[in-house]
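The structure appears right after this line, and notes come after that.
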Amino acid sequence: MAAVCMASSCNQGSQEMQNQIDSLNNVVKQQELQLNQTNDFIDLMNVSMDSVVAADGLFIVGGTNKDGVPSNAVKMRENIDAYGQMLQNQRTRIEELEKQIKDNNDAASKKMKTMIAKMKAQIDAKDAEIKVLKDEIANNRLSIASLERSNVALTQNVASLSVTNMIQQEELDKANAKLNSGYYIVGTKKELKSLGLVSGGSLLKKSKLTMNDVNPDNFTKVDIQQTKTIQVPSKNPKILSQVPEGSYTLQVNANGTSTIVINDPARFWSVSTFLVIQY
């Protein structure tokens with residue numbers, strides 16, 4: 001009997017100890033579960049707020065994109081709308097997590113509730129920023145439209161001014177070309193008479209230059225600023241038109257020709273822009 005009693009007592013002690021061990025294991029497992037849930041919650045919250053911060057930099061700061069390029073008004077409105085929708089999605093996720101731990105009062109749940117309150121406050125602040133930005137864009141819309149119209153008008157004025165300047169430049173070029181144009185003709189007495197540039201020349205009447213009916217098409221047109229010499233197929237040419245003395249020199253060439261060298265173009269062409277040379 002004594003042996004039976006001792007065995008029974010030992011069995012009861014062992015069972016009680018096992019129950020205590022099982023109870024401790026359950027507590028440990030429960031704590032591990034709560035710890036894992038807390039870590040998962042914190043990771044999820046960090047990801048959510050990281051996405052908010054990233055979107056904040058992309059859509060809001062200075063109205064620029066991720067490359068630092070300024071956004072126009074339309075793009076800014078689109079970005080703000082997208083940012084607001086993203087904040088609403090984050091708010092919904094936080095509310096779902098809040099429901100899961102609503103009735104829990106353990107230390108881990110209290111910590112989660114504190115984090116949730118801070119995140120909701122941050123999202124409320126971002127919502128307020130969005131409202132301010134939308135109001136600013138709405139108030140500036142008329143100013144932006146007016147500025148765009150002014151830019152269009154300015155562009156048209158510039159285009160019109162460019163056309164005017166082009167026309168004026170063309171007229172100026174024509175005037176300069178006319179002022180700088182000279183005409184000369186080289187011919188025999190017979191050739192010049194046939195063109196009506198020389199009359200007389202008989203025994204009783206000396207030949208003389210006649211410039212009453214001049215046809216420019218019979219002359220060679222030159223730029224008086226660029227033309228420095230005129231070639232004549234004779235050693236003894238005669239300049240019939242009036243030319244200031246000293247404004248040119250006559251150079252006789254070895255091949256029987258001569259060259260009129262213009263030393264002072266302004267003086268040379270000052271009396272007449274039509275030069276008649278007889279050889």
Starting from residues that are part of a strand (DSSP E or B) and of a type outside the set (Phe, Trp, Tyr), keep the ones in the stretch 263-279 and report whichever is nearest to GLN231 (Cα to Cα). ILE277
On the given criteria, is ASN236 within 15 Å of GLN278 (Cα to Cα) and over 60 Å from the mean Cα position of the chain (by Cα)? yes
Quick check on this structure: which one of VAL252, VAL214, VAL232, VAL243 is touching a residue at least 60 places away in the same chain (Cβ under 8 Å) and of a type in the set (Val, Ile, Thr)? VAL214
Determine which single condition ILE224 fails, assuming it passes every other condition in (1) open to solvent by less than 90 Å² (accessible area, probe 1.4 Å); (2) out of contact with any Pro (no Cβ under 6 Å at 6 or more places or on another chain). (2)
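For (1) under 27 Å from LEU179 (Cβ atoms); (2) open to solvent by 70 Å² or more (accessible area, probe 1.4 Å), each residue gets a yes or a no:
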position	(1), (2)
LYS235	no, yes
ILE239	yes, no
THR249	yes, no
VAL252	no, yes
ARG267	yes, yes
Any residue that is open to solvent by 40 Å² or more (accessible area, probe 1.4 Å), under 60 Å from the mean Cα position of the chain (by Cα) and over 16 Å from TYR279 (Cα atoms) - is there at least one of those in the stretch 189-211? no
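The values are calculated or read from the model by the stated rules, or taken from the named source; none is laboratory data. Just so you know, these numbers come straight off a predicted model, no measurement behind them. Positions of Cβ are backbone-derived with ideal geometry, glycine not excepted, and every protein chain shown enters the neighbour counts. Calculation scope for accessible area: heavy atoms of the full protein, side chains included, ligands and nucleic acids excluded. Shrake-Rupley method; radii C 1.70, N 1.55, O 1.52, S 1.80 Å.
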